[in-house]
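Asker: First the structure, then my questions, so here it is.
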Amino acid sequence: MRQREALSAITVHHVGVQTADLENSVGWYREFFGCTVSWTLDEFSELTRSRLPGIERLVELVRGDVRFHHFSLRPGEAGRPPAAAGQFQHVCFRVANAEELARWRSRWLELYASGRWSFAVPERATEIDTDKEGVQSFYALDPNGLEFEFTHVPGDPR
């Protein structure tokens, strides 16, 4: 039997966010996550244009080691994939403690209630849930309907 070559550890470089309203989405991520705009792009390689027909603009937002690549497509080029299509269900962010988890949820609720942002799915963040191991989480949607989980894992050394 052939031995596999060991692979190095991987980390997430960025989360891609397709949006119908680039300014609304970028503004919300700046406000909610405290992101800053790192760079923008409006010229794309042939590979990018073949994978994302109609791409017009891409904006990279950064908060610490997390990057979000927001991109818009020309109207009518593409929409959300059908519900039956394979897609990520959510992205989870770990926070340091239960108090920080509560602050993230409060921040989301405050921005949602402000009326300054339009949401594709008008749904409030969930309550904070605690499982039998003491892991606490809540779920919330971004303006594009993408789901994020925020979680605190007690005793997690990372």
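The values are calculated or read from the model by the stated rules, or taken from the named source; none is laboratory data. Here the structure is a predicted model, which is why all the values come from computation and not from measurement. With ideal geometry, Cβ positions are generated from the backbone for all residues, glycine too; neighbour counts draw on all protein chains shown.
Asker: Among what's in region 21-61 and is of a type in the set (D, E, K, R), in a loop (DSSP other than H, G, I, E, B) and in contact with a strand residue (DSSP E or B) (Cβ under 9 Å, 6 or more places away or on another chain), pick the residue that is surrounded by the most Cβ atoms within 10 Å (Cβ to Cβ).
Answerer: Here the residue is Asp21.
Asker: Oh, and also: Could you give every pair whose Cβ atoms fall below 7 Å, whose first residue belongs to region 23-35 and is at negative phi and not assigned by TED's automatic domain parsing to the domain that holds Tyr112, and whose second residue is among the basic types (Lys, Arg) and assigned to a helix (DSSP H, G or I), counting only separations of at least 6 or pairs across chains?
Answerer: So the pair list comes out as Phe32/Arg107.
Asker: May I ask you to verify whether Glu149 is of a type in the set (D, E, K, R), assigned to a loop (DSSP other than H, G, I, E, B) and not assigned by TED's automatic domain parsing to the domain that holds Gly27?
Answerer: Spelling it out, it is not the case that Glu149 is of a type in the set (D, E, K, R), assigned to a loop (DSSP other than H, G, I, E, B) and not assigned by TED's automatic domain parsing to the domain that holds Gly27.
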